[in-house]
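Heads up: the structure comes next, in structure tokens.
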Amino acid sequence: MSGTQRHVRKNRRDWDRTSDEYQREHAAQLNRWDRLAWGTWGAPESRLNVLGDVEGKQLLEFGCGAAQWSITLARMGAHPVGMDLSTRQLQHAKELMARAGVSFPLVNADAERTPFADESFDVVFCDHGATTFADPYRSIPEAARLLRPGGLFAFNIESPIHFVCWNDEKETVDDRLHLDYFGMHKWEDDESVNFMLPYGEWIRLFRATGLELEDLIEPRPGANARSTYLDYASIGWARRWPGENIWKLRKPR
């Protein structure tokens, strides 16, 4: 299909429509400038050490939403760029940046075809961002293209286990397998399109793209953890099975 992919247009419409509600619902968890935290249970970056020292580095938040991560990173001395598919999400980002007293570029772009030059960034990352809503066979090579030699690509995404345990009727996960593992790639409903691959296919894609796998982190919430994303998974489920994966990859020098 030439031009903008149909799933890109569909996801842009959905996020423009739902952005206000999403930001209201999750503001208490997301709008924290004193910490970096991954995923639906807020696993602290200080414990996981995914990004490491960011001071002075050029970072691209690959599907930034309202840019809460980039705001905190800017306050830590990094030089972020926030990129998102949704213009409404970026409007929220501008408002939060003004409140936080920071300034950095915001770019409205599709993660499968970004406007940036080769080797523009030291780090490309996202927390349930573009890697969820863009086709990985296009977005992963694009992220690799944007990295400088030795650069880090890190992204948190739904786990394949969460994907196959999703009960569409109940709109949450349970302890049964509802979707096929083999052949998984795209899941579409009336509003949006999400993407997922089996573990082995992720690894083959990374290798084909020239990225080296450093780590696969499966955050497990503490027994007393709290989240505004309770429709994603209950605390009981998330302590038994990994609902999220943080892939940590490196572009060779």
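Taken together, the residues in region 52-77 that are surrounded by 21 or more Cβ atoms within 10 Å (Cβ to Cβ), outside any strand (DSSP E or B), at negative phi and not β-branched (Val, Ile, Thr) amount to 7. Cβ-Cβ distances below 7 Å connect the following pairs, each with a first residue in region 3-23 that is exposed (fewer than 14 other Cβ atoms within 10 Å of the Cβ), a second residue that is outside any loop (DSSP other than H, G, I, E, B), and a separation of six or more residues or different chains: 4/110.
Applying the condition of being within 14 Å of residue 237 (Cα to Cα) and aliphatic (A, V, I, L, M) to region 146-198 and asking which residue is nearest to the chain's Cα centre (by Cα) yields 161.
A quick yes/no check of all residues on (1) under 21 Å from residue 49 (Cβ atoms); (2) assigned to a loop (DSSP other than H, G, I, E, B):
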residue: 178; (1), (2): no, yes
residue: 204; (1), (2): no, no
residue: 215; (1), (2): yes, no
residue: 226; (1), (2): no, yes
residue: 232; (1), (2): no, yes
residue: 245; (1), (2): yes, no
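Taking the criterion of being at pLDDT below 95 and surrounded by 15 or more Cβ atoms within 10 Å (Cβ to Cβ), the only residue of region 32-51 that qualifies is 33. Scanning region 161-176 for residues that are in contact (Cβ under 8 Å) with a residue 40 or more places away in the chain and either surrounded by 16 or more Cβ atoms within 10 Å (Cβ to Cβ) or not in a loop (DSSP other than H, G, I, E, B) (or both) gives 161, 162, 165, 172, 173.
Kindly indicate which of 67, 74, 28, 37 is in contact (Cβ under 8 Å) with a residue 60 or more places away in the chain and hydrophobic (A, V, I, L, M, F, W, C).
Values: 67 fails: in contact (Cβ under 8 Å) with a residue 60 or more places away in the chain; 74 fails: in contact (Cβ under 8 Å) with a residue 60 or more places away in the chain; 37 fails: in contact (Cβ under 8 Å) with a residue 60 or more places away in the chain.
Just one listed residue meets the conditions, 28.
Scanning region 115-158 for residues that are surrounded by 22 or more Cβ atoms within 10 Å (Cβ to Cβ) and either aromatic (Phe, Trp, Tyr) or in a loop (DSSP other than H, G, I, E, B) (or both) returns 121, 125, 129, 133, 134, 153, 155.
Residues in region 101-114 that are touching a Lys or Arg at 6+ places or on another chain (Cβ under 7 Å) and farther than 18 Å from residue 13 by Cβ were compared, and the one that is surrounded by the fewest Cβ atoms within 10 Å (Cβ to Cβ) is 102.
Kindly indicate the residue of region 10-29 that is touching a Ser or Thr at 6+ places or on another chain (Cβ under 8 Å) and of a type outside the set (Asp, Glu) and also nearest to residue 108 (Cα to Cα) among those meeting that condition. Show your work before the answer.
The initial filter retains those residues of region 10-29 that are touching a Ser or Thr at 6+ places or on another chain (Cβ under 8 Å), namely 10-12, 14-16, 19, 25-26, 28-29.
The next check asks that each one be of a type outside the set (Asp, Glu); those that pass are 10-12, 15, 19, 26, 28-29.
Details: 10: 15, 11: 13, 12: 10, 15: 13, 19: 15, 26: 22, 28: 25, 29: 24 Å.
The qualifying residue nearest to residue 108 (Cα to Cα) is 12.
Taking region 83-114 as the range and being closer than 16 Å to residue 4 by Cα and assigned to a strand (DSSP E or B) as the test, the residues that pass are 84, 108, 110, 113.
Among residues that are without any contact (Cβ under 8 Å) to a residue 60 or more places away in the chain, within 20 Å of the chain's Cα centre (by Cα), over 14 Å from residue 166 (Cβ atoms) and surrounded by 13 or more Cβ atoms within 10 Å (Cβ to Cβ), residue 201 is included. When each of 54, 123 is tested for being in contact with a helix residue (DSSP H, G or I) (Cβ under 6 Å, 6 or more places away or on another chain) and among the β-branched types (Val, Ile, Thr), the lone residue that passes is 54.
Just one of the listed residues (126, 165) is touching a Cys at 6+ places or on another chain (Cβ under 9 Å) and at pLDDT 95 or above, and it is 126. Has region 72-84 got any residue that is in contact with a helix residue (DSSP H, G or I) (Cβ under 7 Å, 6 or more places away or on another chain) and aliphatic (A, V, I, L, M)? Among the residues of region 72-84, not one is in contact with a helix residue (DSSP H, G or I) (Cβ under 7 Å, 6 or more places away or on another chain) and aliphatic (A, V, I, L, M), which makes the answer no.
Residue by residue through region 234-243, note down the ones that are assigned to a loop (DSSP other than H, G, I, E, B) and over 19 Å from the mean Cα position of the chain (by Cα).
Passing the criteria: 234, 241.
The values are calculated or read from the model by the stated rules, or taken from the named source; none is laboratory data. As the structure is a computational prediction, the values presented were derived from the model and not from experiment. Heads up, the Cβs are rebuilt from the backbone with ideal geometry, glycines too, and the neighbour counts pull from every protein chain shown.
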